[in-house]
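Notes to accompany the following structure.
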Amino acid sequence: MIRVAAYTTGSISAIGISAALQNSNEFQVSGTFASLDDLEVHVRLETPTLILLEVTPAINLSRLSALVSMQPESSLILWFDCVPESFLLQGRAVGARGLLSRTSSVETHLQCMREVAQGALWLDRNACPHMLPNSTVRLTPRERQVMGLLVQGLTNKEIAWSLGITDGTVKIFLRCLRKKLKVLDRFELAFVALNNTFASPNSFSAAARSADGNKAIPLYVPPFLCVNGNTTLANDNNRSESRSVV
């Protein structure tokens, strides 16, 4: 039985998600909460399988990190409407296992929860609309360093300072990496790096470094990147495609 604890500030949302889960024999609602404090108490005591967390103004990265750390056995799904891509990426960095749009169908909600409960990552197309090809791509040592800094949220100037190269050279590396990995923007590039970077949330930089401050150390990125490995991407028409790690 997949036990789900949900945080949402909308009473209609709470009723809706409870009804959807209770109509399935696979799920059990362990609790719905309009208070983050109440949710945290519940998570500590009950250890739900999944935590469905609506992204509200009360949610920040510090709170997310604390929630993940207090109960590592519970998988966190960010439940969002209109949220900056950078926040979703950072949410993944601190340990969220799923990114799920609140506008998705009931079946997509249930499929997301099934997949995350089984250990997969879930990325809603509304968070990242371009599906990545299933393949492995070899990186040069310098490309690995650039990716290892990009995933920490550093700017081009900060990456350049940390590696001792020019800002223009960083731009060339990023352009070549986007072409090599067949992604369209910086967010998708960082997401690929994140899915291939084995590090604890505490390994990620807490704040951007100035271009003349302390040099950042790149996180380890393997020589071969698995593109779209072990990640489920949901369609807008209620179907999903799950790919295993190559």
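The values are calculated or read from the model by the stated rules, or taken from the named source; none is laboratory data. In this text the structure is predicted, and so the values were computed from the model without any measurement. Glycine also receives a Cβ, built like all others from the backbone with ideal geometry; neighbour counts cover every protein chain displayed. Ligands, DNA and RNA are stripped out before the accessible areas are found, and what is left, the full protein with its side chains, is counted by its heavy atoms. Shrake-Rupley method; radii C 1.70, N 1.55, O 1.52, S 1.80 Å.
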Checklist entry - Are there any pairs, at least 6 apart or on different chains, whose C-beta atoms fall under 6 Å, with the first in the range 107-130 and modelled with pLDDT of 80 or more and the second part of a helix (DSSP H, G or I) and of a type in the set (Val, Ile, Thr), and if so, which? => result 122/116
Item to check | Whichever residue in the range 1-20 is within 17 Å of residue 107 (Cα to Cα) and of a type in the set (Val, Ile, Thr) and, among such residues, is surrounded by the fewest Cβ atoms within 10 Å (Cβ to Cβ) | outcome: 15
Item to check | From the options 214, 196, 238, 156, residue that is among the polar types (S, T, N, Q), open to solvent by 70 Å² or more (accessible area, probe 1.4 Å) and either modelled with pLDDT of 70 or more or closer than 27 Å to residue 63 by Cβ (or both) | outcome: 214
